[in-house]
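Below is one structure, written out as structure tokens, with a few remarks after it.
The values are calculated or read from the model by the stated rules, or taken from the named source; none is laboratory data. The structure presented is a predicted model; accordingly, all values stated were derived computationally and were not measured. Reconstructed Cβ throughout: ideal geometry from the backbone, glycine too, with neighbour counts over all protein chains shown. Areas reflect the complete protein model, heavy atoms only, side chains present, ligands, DNA and RNA absent. Shrake-Rupley method; radii C 1.70, N 1.55, O 1.52, S 1.80 Å.
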Amino acid sequence: MKWNDACVVVAENIAGSHEEFVSMMNEKAKDIGMKNTIFKNPHGLDEETKNFSTAYDMALLSKYAFSNKLYRKIVKTQKYE
């Protein structure tokens, strides 16, 4: 399974469909002040689907993510077996 397929599976399990998950992503982006971001798929990457963001908006997302204790634990993990 490719990573983008895995993202769709996760999205469908969280929101019922990947389209609804993308809608949730865009709403959260607005909620945290990301004014220049549009997500078109659950993984947020891929120029073909016209995902767009700015460095400033990504900094806002990072600030929001780092407010989560589990996220901080995950990103500081150097090795997992």
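When you go through 34, 24 one by one, which is the residue that is hydrophobic (A, V, I, L, M, F, W, C) and within 12 Å of the chain's Cα centre (by Cα)? Can you show your working first?
Details: 34 fails: within 12 Å of the chain's Cα centre (by Cα).
Every option except 24 fails the conditions.
Give the range 34-63 a look and list any residue that's part of a helix (DSSP H, G or I) and open to solvent by 100 Å² or more (accessible area, probe 1.4 Å), or say none.
47, 48, 56, 63
Hey, any hits in the range 21-43 for a residue that's at pLDDT below 90 and among the hydrophobic types (A, V, I, L, M, F, W, C)?
Within the range 21-43, none of the residues are at pLDDT below 90 and among the hydrophobic types (A, V, I, L, M, F, W, C).
Restricting to the range 1-33, and then to whatever is in a helix (DSSP H, G or I) and β-branched (Val, Ile, Thr), can you tell me which residue is surrounded by the most Cβ atoms within 10 Å (Cβ to Cβ)?
So, considering only residues that are in a helix (DSSP H, G or I) and β-branched (Val, Ile, Thr), the one surrounded by the most Cβ atoms within 10 Å (Cβ to Cβ) is 22.
Considering each of 35, 40, 73 in turn, give the residue that is of a type in the set (D, E, K, R) and out of contact with any helix residue (DSSP H, G or I) (no Cβ under 8 Å at 6 or more places or on another chain). Reasoning before the result, please.
Values: 35 fails: out of contact with any helix residue (DSSP H, G or I) (no Cβ under 8 Å at 6 or more places or on another chain); 40 fails: out of contact with any helix residue (DSSP H, G or I) (no Cβ under 8 Å at 6 or more places or on another chain).
Testing whether each residue is of a type in the set (D, E, K, R) and out of contact with any helix residue (DSSP H, G or I) (no Cβ under 8 Å at 6 or more places or on another chain) leaves just 73.
Out of all the residues in the range 35-81, which are closer than 27 Å to residue 12 by Cβ and acidic (Asp, Glu)?
Of everything in the range 35-81, those that are closer than 27 Å to residue 12 by Cβ and acidic (Asp, Glu) turn out to be 46, 47, 48, 57.
Restricting the search to the range 37-51, which residues are of a type outside the set (A, V, I, L, M) and under 12 Å from the mean Cα position of the chain (by Cα)? Steps first, answer last, please.
Residues of the range 37-51 that are of a type outside the set (A, V, I, L, M), as a first pass: 37, 39-44, 46-51.
37, 39, 40, 41, 42, 43, 44, 51, listed by residue number.
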